[in-house]
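The block underneath contains the structure these notes are about, expressed in structure tokens.
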Amino acid sequence: MADMPRKRTYTRKNNINNKNIIRKSHPHYTDTKVFALGGLNEIGKNMYCIEHDDEIVIIDAGVKFAEDGLPGIDYVIPDYSYLKRNQRKIKALLITHGHEDHIGGIPFLLQVIHIPFIYASPLACAMIQRKFEEKKISNVTKMVQIDNLSQVKTKYFNIGFFKTNHSIPESLGIIINTPNGRIVATGDYKFDLTPVGDPADYQVISFLGETGITLLLSDSTNAEVPNFSISEKQVAYSVQEAFRKTEGRLIVATFASNVHRVSQICEAAVKFNRKILVFGRSMENNIQVSRKLGYIKCPDRYFIKNDEARRLPDNEILILCTGSQGEALAALSRIANGTHRQISIKPGDTVVFSSNPIPGNGASVSRVVNKLFRAGAKVLTNTAFNNLHTSGHASQEEQKLMLLLTKPKYFFPVHGEYRMLKIHAKLYEEVGFNRDHAFVLSNGDSILLRNEEARLGPRIHVDDIYVDGNDISGLSTAVLRDRQILSEDGMVSVLITMDSHKGVLLNKPIIMSRGFVYMKDSVELIREAEKLVGRNLSTLLKRKTTFGEIKNTVRDTLGPYFYHKTKRNPMIIPVIMNKKV
């Protein structure tokens, strides 16, 4: 694939509408396959693939942060097995924006797969490069900076970009013209008519709809939220009001990746003459990168260290930190617990949560809030009255507007849990499109495009891979599955004594249960199971066999039997004792 030219050398209309040119060049003998390795029925680890003949382009490579019940696990990433088997086809990784759920998996992906080119905006490139430095990765791929005027060409794909609004600068939607139709991925977006950064390319989005979109992949995160989201500018006013009313120290917790919000907080600190203490590695990294690229405009003298803060009055201090989601090891949680080495809460402090709890984090956030109150702090959270946060994702009315502007022939809702995808598909029907043209799928399901018609394709095997440290071998996945089975359904051990030379059982199999059934109350169940496995093993041993086949026979016999009797699937561990010849 040739290097991408920095700017287009022809008009935007020709580039966006060049699907007819591609169609003449490559007849439709091959289907175009679209599938997700991550991002469906979940929030996080977004990864979408477009495949045609001997070419694959990938959109985003994110992670999902481990939830409660995954002890020792740092991240969850997609299973890259399909891409590993088809590595020679991979032509490019396209990045929509620099959030962790879209770029966090790149270092793990590059451990197992060679990606020739990564195309990303300057800010996303800088964030990815920082990850490479932390992981000591170098010279494994070529990073190419892009913007909304860039173009990428391969044998089958002609790719363009358009600006969207999100909670981070330089967020992009992606246009992929293929031999079988045009595919558009919105990335994460909202319609903000008074954005902090650049406005979205509304004319381009509308033009795409007028010239035809075969398949739209669109963000479903806020499909349950009615109406329009509020503008980031309104949050700026509320943040400044919090600064104006606070007389003591001000502690603000927000997402480190929400660069627009962090920028507004820093600007308010300058306006109200507060020096800034930054806590949290991700916050420090993102501020450093964003300042270098000009997205956070704040003089150096406003950023101070803890030693300098001790000499300042409380009303001249702003503490900007991570931990708005109640994460146990984040800066704010350690401050609330009294375990932070440099900062502790004192009466008169005001803590502002400039965020909303992500689904599933509500209990963790509440615990932190209670501890802050107990320590004597005043705590402000986002409500309908103070607008301390707005989402970077489109609400229902914005999602409807995107559908009406783009007019997709087929619709593929992505980036959301199942109910969100389902609601988004319902919105597609509500605004007048064919309900049968919406695909609510799971990771691994595929859509096949041929001559601008879409149908379901074959399923690709996918799985979650749990990352413990830097290990992506999948061993952690197996260990956690075993823990889950043991905790929910218990264990059954089967003791088998045999003479492999004669091919006979020396005694009937003995079954012991731990955490599955109470042995004294389940005598008949266990006795029948022992007889059943004994008969099947006796039949098996009449012919030449292996220890592996014996173990599989035990599991294949007892698994269905126990499920039929108890509706539970215990872990079955065969223990074989063989007589020496």
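Does any residue of the range 442-456 turn out to be loosely packed, with under 13 Cβ neighbours inside 10 Å, under 19 Å from Y48 (Cα atoms) and modelled with pLDDT of 85 or more? Yes: the range 442-456 contains one or more residues that are loosely packed, with under 13 Cβ neighbours inside 10 Å, under 19 Å from Y48 (Cα atoms) and modelled with pLDDT of 85 or more.
Looking at this structure, is I159 in a strand (DSSP E or B) and open to solvent by less than 10 Å² (accessible area, probe 1.4 Å)?
When the stated conditions are applied, I159 passes them.
Filtering the range 548-581 to residues that are open to solvent by 70 Å² or more (accessible area, probe 1.4 Å), in contact with a strand residue (DSSP E or B) (Cβ under 6 Å, 6 or more places away or on another chain) and not in a loop (DSSP other than H, G, I, E, B) leaves K551, R555, M577. For the range 162-171, the count of residues that are surrounded by fewer than 20 Cβ atoms within 10 Å (Cβ to Cβ), basic (K, R) and not in a loop (DSSP other than H, G, I, E, B) is zero. Are any of the residues in the range 166-175 modelled with pLDDT of 95 or more and over 19 Å from D219 (Cα atoms)? Taking every residue of the range 166-175 in turn, none turns out to be modelled with pLDDT of 95 or more and over 19 Å from D219 (Cα atoms). Does any residue of the range 276-294 turn out to be in contact with a helix residue (DSSP H, G or I) (Cβ under 7 Å, 6 or more places away or on another chain), of a type in the set (S, T, Y) and part of a loop (DSSP other than H, G, I, E, B)? So far as the range 276-294 goes, no, none of its residues is in contact with a helix residue (DSSP H, G or I) (Cβ under 7 Å, 6 or more places away or on another chain), of a type in the set (S, T, Y) and part of a loop (DSSP other than H, G, I, E, B).
For the range 351-369, name all the residues that are open to solvent by 70 Å² or more (accessible area, probe 1.4 Å) and outside any loop (DSSP other than H, G, I, E, B). Matches in the range 351-369: R367 only.
Quick one: in the range 373-392, which of the residues that are among the aliphatic types (A, V, I, L, M) and within 30 Å of the chain's Cα centre (by Cα) is least open to solvent (accessible area, probe 1.4 Å)? The residue in question is L388. Among the residues here, A328 does not qualify as outside any loop (DSSP other than H, G, I, E, B), surrounded by fewer than 18 Cβ atoms within 10 Å (Cβ to Cβ) and not aromatic (F, W, Y). Please specify each residue of the range 225-245 satisfying the condition of being in a loop (DSSP other than H, G, I, E, B) and either touching a helix residue (DSSP H, G or I) at 6+ places or on another chain (Cβ under 6 Å) or open to solvent by less than 20 Å² (accessible area, probe 1.4 Å) (or both). P226, N227, F228, S231, listed by residue number. Just one of (1) surrounded by fewer than 14 Cβ atoms within 10 Å (Cβ to Cβ); (2) modelled with pLDDT of 90 or more; (3) in contact with a strand residue (DSSP E or B) (Cβ under 9 Å, 6 or more places away or on another chain) fails for E524. It is (3). Filtering the range 406-438 to residues that are under 10 Å from L215 (Cα atoms) and touching a Pro at 6+ places or on another chain (Cβ under 9 Å) leaves H437, A438.
Scan the range 333-350 and tell me whether some residue there is open to solvent by 40 Å² or more (accessible area, probe 1.4 Å), closer than 22 Å to R249 by Cβ, hydrophobic (A, V, I, L, M, F, W, C) and more than 27 Å from the chain's Cα centre (by Cα).
No; the residues of the range 333-350 include none that is open to solvent by 40 Å² or more (accessible area, probe 1.4 Å), closer than 22 Å to R249 by Cβ, hydrophobic (A, V, I, L, M, F, W, C) and more than 27 Å from the chain's Cα centre (by Cα).
When you look at E134, is it in a helix (DSSP H, G or I) and modelled with pLDDT under 95, yes or no? Before you say what the answer is, go through the steps one by one.
Details: in a helix (DSSP H, G or I): yes; modelled with pLDDT under 95: yes.
Yes; evaluated as a whole, the condition is true for this residue.
The set of residues in the range 99-131 being open to solvent by less than 30 Å² (accessible area, probe 1.4 Å), touching a helix residue (DSSP H, G or I) at 6+ places or on another chain (Cβ under 7 Å) and farther than 20 Å from G187 by Cβ consists of P107, I113.
Looking at the range 405-442, which of its residues are of a type in the set (F, W, Y), more than 23 Å from the chain's Cα centre (by Cα) and in a helix (DSSP H, G or I)? Correct list: Y428 only. State yes or no: is V533 assigned to a helix (DSSP H, G or I) and either open to solvent by 40 Å² or more (accessible area, probe 1.4 Å) or β-branched (V, I, T) (or both)? In short, yes.
The values are calculated or read from the model by the stated rules, or taken from the named source; none is laboratory data. What you see is a predicted model, and the numbers here were worked out from it, not measured in a lab. All Cβ positions, even for glycine, are placed from backbone atoms using ideal geometry, and neighbour counts span all protein chains on display. Surface areas here come from the heavy atoms of the whole protein model, side chains and all, with no ligands, DNA or RNA. Shrake-Rupley method; radii C 1.70, N 1.55, O 1.52, S 1.80 Å.
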